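Encoded as structure tokens, the structure appears first; notes follow it.
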Amino acid sequence: MDFNVKKMVKDAGAALSRAIQLTEEKLGTSEKTELDAYFENLWSRAENTKNFTEKIVKNTEAVLIPNPGNRIEDYIYEKIEKQRPSRLSNLEYLGMDMVEAGTVLGPGTAYGSSLIKVGQWEQKLGQTERDFIGSAGMCFTQPLRKFLETEMKTIIKEKNLLEVKRLDLDACKNRVRKARSMLGQPTKDGVSPEVALEQAERELRIAQSEFDRQTEITKLLLEGVGSSHAAHLRYLYEFVETQARFYSQCTTIMTDLQRELTSLSSSPSVSPTQNNTIPDDMKKAKSIYDYTAKDSTELSLKANEVIYIKEIQNSDYYLGKNSKNNQGLVPKAYLEVIT
């Protein structure tokens, strides 16, 4: 590997000069070039924008995904640019358990059928919530995070470079002052004070030019934060619209569920504890398995559902009637007659 020794020595010297300059500034023994008030105001606005955007993104993500473990998992998948496996919401898990409980406890009972109905609506609510989380991320948190990771990082990088140029400039000013104080003294190390002053002033002009150029570059980037605010305002409006749509959908779902439960409570139940009267021409039976009707002439069943059946001569089917008074053909193999 080839090393540019001169460049390494020059860089090391510049780094040492900056460290000395910074130390003297902190001790109050060296002057510091101050940026104008306009620049300082721009930088203050950029810092505040960065800090509060980080807080808003963090808190929004905590609202959307309360589980910190899930947030960490999402962050890792995002960093490795890999698709995250689909994850059900807590409402969907609740809904699945309710449906399972209602099926086992008896869909023909008031409690069982209500559990199934509520479980189905909870699953629907959970899916709506997942859609909202995805939409809110796309329209709000993702654009804000992108701003922090691109535009804001560039601004900070250029601001740090400006500080380096500022230290170089002030170090050059100190060398010029020192060289001027040496005028009229004997030549030292073969370099006259006049030559040393000329060289120091030349380095100062170069440092001043680089500092001014970096100041303008940084200032332009800082002025661009105003345009970013306008974009962030659009993201905020979209987030509010997405949130309002989500809550409206939730209200609709829960209103429909209330209506369904009211309908269930007013329907006659086939539970033996609620209705012991069996039609004269029908028997009571319980389904052994789930059965899905193949067409409109058949009746779908859930496992353990209690129905009334009527014998059909020379047929492998019963005529069945469920608690909702729906009728249709049911295979005999799926039923167990209750005596």
Region 120-146 residues that are within 15 Å of residue 87 (Cα to Cα), paired with ones that are of a type in the set (Gly, Ala, Ser) (beta carbon under 7 Å, 6 or more apart): 123/95; 126/89; 126/95; 129/89; 130/89
Filtered residues of region 315-339 (kept if in a strand (DSSP E or B), among the basic types (Lys, Arg) and more than 51 Å from the chain's Cα centre (by Cα)): none
Within region 213-244, how many residues are without any contact (Cβ under 8 Å) to a residue 40 or more places away in the chain and either of a type in the set (Val, Ile, Thr) or surrounded by 14 or more Cβ atoms within 10 Å (Cβ to Cβ) (or both)? 1
Of 33, 60, 49, the only residue that is at pLDDT 75 or above and over 23 Å from the mean Cα position of the chain (by Cα) is 33
Does residue 91 satisfy the condition of being part of a helix (DSSP H, G or I) and in contact with a Leu (Cβ under 7 Å, 6 or more places away or on another chain)? yes
Of the residues that make up region 267-275, is at least one closer than 20 Å to residue 119 by Cα, modelled with pLDDT of 85 or more and not β-branched (Val, Ile, Thr)? no
Being part of a helix (DSSP H, G or I), outside the structural domain of residue 36 (by TED's automatic domain parsing) and over 30 Å from residue 107 (Cβ atoms): is that true of residue 211 here? no
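The values are calculated or read from the model by the stated rules, or taken from the named source; none is laboratory data. A quick note: this is a predicted structure, and the numbers were derived from the prediction, not measured. Every residue, glycine among them, receives a Cβ derived from its backbone with ideal geometry; neighbour counts consider all protein chains shown.
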